[in-house]
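What follows is one structure encoded as structure tokens, with my remarks underneath.
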Amino acid sequence: QVQLVESGGGLVQPGGSLRLSCAASGFSLENNAIGWFRQAPGKEREGVSCISSITGSTYYADSVKGRFTISRDNAKNAVYLQMNNLKPEDTAIYYCATPLVRGCTKQYQYWGQGTQVIVSS
């Protein structure tokens, strides 16, 4: 059974940091890409980052490039999103997802339940 479980969200002040985790089960990160997405109230879901299982190549939305870092630990079958210098506009529910293919695509089949990130003073 393919499952993705996010954790690590919380309340942080602007300029602070959070590390999100995505625990995967039912499939291997060695063969599948993982993407991070976020959705703020009243807005459409947007892609944040992705890591490919082919070469470990990473991709970032322009809005987070230089501040966020995606990584994976194949031994733990987990993916992480280190978020630094957080801004209020980063406030959203963050989801991890997999397209069940090696490369990052725009079609993701399985999603986690999400973890809330609030950036506020």
Students often forget the sequence filter, so: which aspartates and glutamates lie under 17 Å Cα-Cα from Lys87 once same-chain residues fewer than 8 apart are removed?
Glu46, Asp62
Karplus-derived 3J(HN,Hα) from phi for segment 87-99 (6.51 cos²θ - 1.76 cosθ + 1.60, θ = phi - 60°), whole Hz, x at Gly and Pro, runs 10, x, 5, 7, 4, 4, 8, 9, 10, 9, 8, 9, x
Can you list residues from other chains, or at least 5 along the same chain, whose modelled amide H is less than 5 Å from the amide H of Tyr110?
Thr98
Would you mind checking segment 45-84 for residues with the amide N under 13 Å from a putative spin-label position 7 Å along Cα→C-beta of Ala23?
76-79
Using alpha carbons only, how many angstrom separate the centre of segment 50-65 from the centre of segment 9-29?
15 Å
Measuring from a point 7 Å past the Cα of Glu30 along Cα-to-C-beta, which residues in segment 84-121 have an amide N at less than 18 Å?
100-103
Taking the chain and dividing mean pair separation by its residue count, relative contact order in percent (alpha carbons under 8 Å, at least six apart)
37 percent
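Hey, how much of the P(r) for the chain falls beyond 19 Å, as a percent of Cα pairs?
Details: 2874 of 7260 pairs.
It works out to 40 percent of all Cα pairs.
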Per the 1.4 Å probe, what fraction of the accessible area of the chain, in percent, lies on carbon and sulfur atoms?
47 percent
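Given a 1.4 angstrom probe, what's the average accessible area per residue across the chain, in square angstrom? The partial results should precede the final answer.
Working: 6300 Å² over 121 residues.
Heavy-atom SASA per residue in the chain reads 52 Å².
Could you give the alpha-carbon Rg of segment 6-77 over 2.2 N^0.38 Å, rounded to two decimals? Present the calculation step by step, with values, prior to reporting the outcome.
Numbers: Rg = 13.2 Å, N = 72, 2.2 N^0.38 = 11.2 Å.
Relative to the 2.2 N^0.38 Å estimate, segment 6-77 comes out at 1.18.
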Straight-line reach from Lys76: which lysines have Cα under 29 Å away, leaving out those fewer than 8 places along the same chain?
Lys65, Lys106
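The values are calculated or read from the model by the stated rules, or taken from the named source; none is laboratory data. Just so it is clear, the model here is predicted, and its values are computed rather than measured. Neighbour counts are summed over all protein chains in view; Cβ atoms, including those assigned to glycine, are modelled from backbone coordinates with ideal geometry. The area values use the complete protein model at the heavy-atom level, side chains included, leaving out ligands, DNA and RNA. Shrake-Rupley method; radii C 1.70, N 1.55, O 1.52, S 1.80 Å.
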